[in-house]
Amino acid sequence: MKKKTYAFIFARGGSKGLPNKNIKKLIDRPLLAHSIFIALSIPRISKVFVSTECEKIRKVARAFGADVIPRPPELAEDETPEWLAWQHAVNW
């Protein structure tokens with residue numbers, strides 16, 4: 001049985017330093033799309049998941065070939081421990 005390898009990308013909509021940074025264009029596509037593209041280009045990765053609470057990020061993620069994990073807003077706050085977002089994504 002062939003093992004599956006998944007990539008997880010965590011993208012919050014609530015960035016304070018640079019609002020909406022994940023969907024801002026960098027060169028020719030949104031910043032998030034670059035991460036998705038790299039992950040999809042690795043032959044061993046069979047699926048890319050984006051965990052987010054933001055509808056705009058969900059749309060970009062889907063448009064560039066990622067599956068979306070709808071993250072609850074309380075797991076996307078500034079002070080939320082990262083491991084809780086990971087736990088949610090893996091359990092999802």
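The values are calculated or read from the model by the stated rules, or taken from the named source; none is laboratory data. In this text the structure is predicted, and so the values were computed from the model without any measurement. With ideal geometry, Cβ positions are generated from the backbone for all residues, glycine too; neighbour counts draw on all protein chains shown. Note: areas computed on protein heavy atoms with side chains; ligands, DNA, RNA excluded. Shrake-Rupley method; radii C 1.70, N 1.55, O 1.52, S 1.80 Å.
Let me confirm something: among R71, R44, which residue is open to solvent by 100 Å² or more (accessible area, probe 1.4 Å) and in contact with a strand residue (DSSP E or B) (Cβ under 9 Å, 6 or more places away or on another chain)?
It is R44.
Restricting the search to region 4-33, which residues are touching a Lys or Arg at 6+ places or on another chain (Cβ under 9 Å), in a loop (DSSP other than H, G, I, E, B) and free of Cβ contacts under 8 Å to residues at least 12 places away in the same chain?
S15, L18
Find the residue count for region 34-60, including only residues that are in a helix (DSSP H, G or I) and under 11 Å from F10 (Cβ atoms).
Quick first cut of region 34-60, residues in a helix (DSSP H, G or I) only: 34-41, 55-60.
Narrowing the set further to residues that are under 11 Å from F10 (Cβ atoms) leaves 35, 57.
The qualifying residues number 2.
Would you mind telling me which numbered condition in (1) open to solvent by less than 50 Å² (accessible area, probe 1.4 Å); (2) closer than 21 Å to W86 by Cα; (3) in contact with a helix residue (DSSP H, G or I) (Cβ under 9 Å, 6 or more places away or on another chain) F10 fails?
Going through (1) open to solvent by less than 50 Å² (accessible area, probe 1.4 Å); (2) closer than 21 Å to W86 by Cα; (3) in contact with a helix residue (DSSP H, G or I) (Cβ under 9 Å, 6 or more places away or on another chain) one by one, F10 breaks only (1).
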